[in-house]
Amino acid sequence: MAVTTATSAKGKRRAAGPLFVAPFMVLFVLLFLAPLGYAAYLSLFQERLIGGTAFVGLDNYVKAVQDPLLIHGVGRVALFFVIQVPVMLLLALLFALALDSGLLRLARVIRLGIFVPYAVPSVVAALMWGYLYGPDFGPFAQLSRNLDLPVPGFLSESWMLGSLANIVTWEFVGYNMIILYAALRTIPQELYEAAAMDGAGAWRIAWSVKLPALKPALMLTLLFSVIGSFQLFNEPNLLMKVAPDVISSSYTANLYAYSLAFTGQQVNYAATVSFLLGLVIVIASYAILLTANRRRTP
């Protein structure tokens, strides 16, 4: 009897785990895997004027890798990543180190002030900066005219990528700063005391103690930045309204996929472009993680 009771209790415990996980798994399959699977299914078809929707296998993928609009969009986003991310992470690191130094007055106010732009929706941020950049009505343009200076072409073709980088940097410096600042607060105080006893000053402690301890957090912010850069959409999509001659519907890969699906009604090809973009993000993220792990391995 006792053996039967013990076996029953063990069986109930084994059944409890899957039951607790079941709600998450159901939502994960319905909200994540099912849409991905449907998009993958759509990417294998093509809608034709004659014959309707036909199965074409990987033809859409072959077309996409040769599509100059997609290639230029991905290349432009890669250039954006190379320009914007180092500046943003460097600013976030400097702010985090300054706040952690304890030398700043009103540190909480400064920390909140740097973080607040992250709480502003990206749509609102893009609209606000679009107004500031405006060559006819923006304050920079008006100030330049009052001073008899040439109006800065923030929305010109040569400046546009930098203008977008400025908006994204303004939005996300505070977010990355908080991650780095939180990592700094976990460094044991004993390390600072030991470094000080060895005669290290503030700069030496920052270089030899804080920066090495921040490597995992910096890697995390870099990984988030890779994903965020290749998902660039809201800012160019909104600035396209004020600079239609500069930002086209294929300015970024995400914008291109959106335009194909909702403007061009090419849902199948849009699904293919989206999958290829996801593949680029996975490869770039994996390459960064692999490089970081190899450097950590002696």
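The values are calculated or read from the model by the stated rules, or taken from the named source; none is laboratory data. The structure displayed is predicted, hence computed values, not measured ones. Cβ coordinates were reconstructed from backbone atoms using ideal geometry, including for glycine residues, and neighbour counts include every protein chain displayed. When the accessible area is computed, the model is the full protein with side chains, heavy atoms only, and any ligands, DNA or RNA have been set aside. Shrake-Rupley method; radii C 1.70, N 1.55, O 1.52, S 1.80 Å.
Listed values, structure above:
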read-out	value
Accessible area in the full protein assembly, largest first, 1.4 Å probe, for L149, L255, L238	L149, L238, L255
Under 5 Å, built H, 5+ apart or other chain: amide partners of F45	V56
Accessible area (Å², 1.4 Å probe, nearest 10) - S122	30 Å²
With every protein chain in place, the chain: carbon and sulfur % of accessible area (1.4 Å)	70 percent
³J(HN,Hα) computed for each position of segment 236-246 - Karplus, 6.51 cos²θ - 1.76 cosθ + 1.60, integer Hz, glycine/proline x	x, 5, 7, 5, 4, 5, 9, 9, x, 7, 9
In order through segment 69-74: 3J(HN,Hα) via Karplus (6.51 cos²θ - 1.76 cosθ + 1.60), integer Hz, x for Gly, Pro	5, 5, 4, 5, x, 5
Global form of segment 42-93, assessed from the alpha-carbon gyration tensor, a/c cut-off 1.5	prolate
Ranking by accessible area, most exposed first, for E193, E47 with a 1.4 Å probe	E47, E193
Accessible solvent surface per residue of segment 173-252, calculated while the other protein chains remain in place, 1.4 angstrom probe, Å²	53 Å²
Distance between modelled label sites at R13 and L103, nm, 7 Å Cα→Cβ extension	5.7 nm
Three-way shape label, segment 103-178, alpha-carbon gyration tensor, a/c 1.5	prolate
Residue-wise HN-Hα coupling along segment 76-84, computed from phi with Karplus coefficients 6.51, -1.76, 1.60 (Hz; x: Gly, Pro)	5, 5, 4, 5, 4, 4, 5, 7, 7
Helical contribution to [θ] at 222 nm, DSSP H n ≥ 4, -39,500 (n - 2.57), averaged over the chain, rounded to 500	-23500 deg cm²/dmol
Gain on full stretching of the segment that runs from I288 to V29 - 0.36 nm per residue minus C-alpha separation	90.4 nm
Three-way shape label, the chain, alpha-carbon gyration tensor, a/c 1.5	oblate
Centre separation in Å (Cα based) which lies between segment 94-154 and segment 225-247	18 Å
Largest-first ordering by accessible area, 1.4 Å probe, given options W159, W170	W159, W170
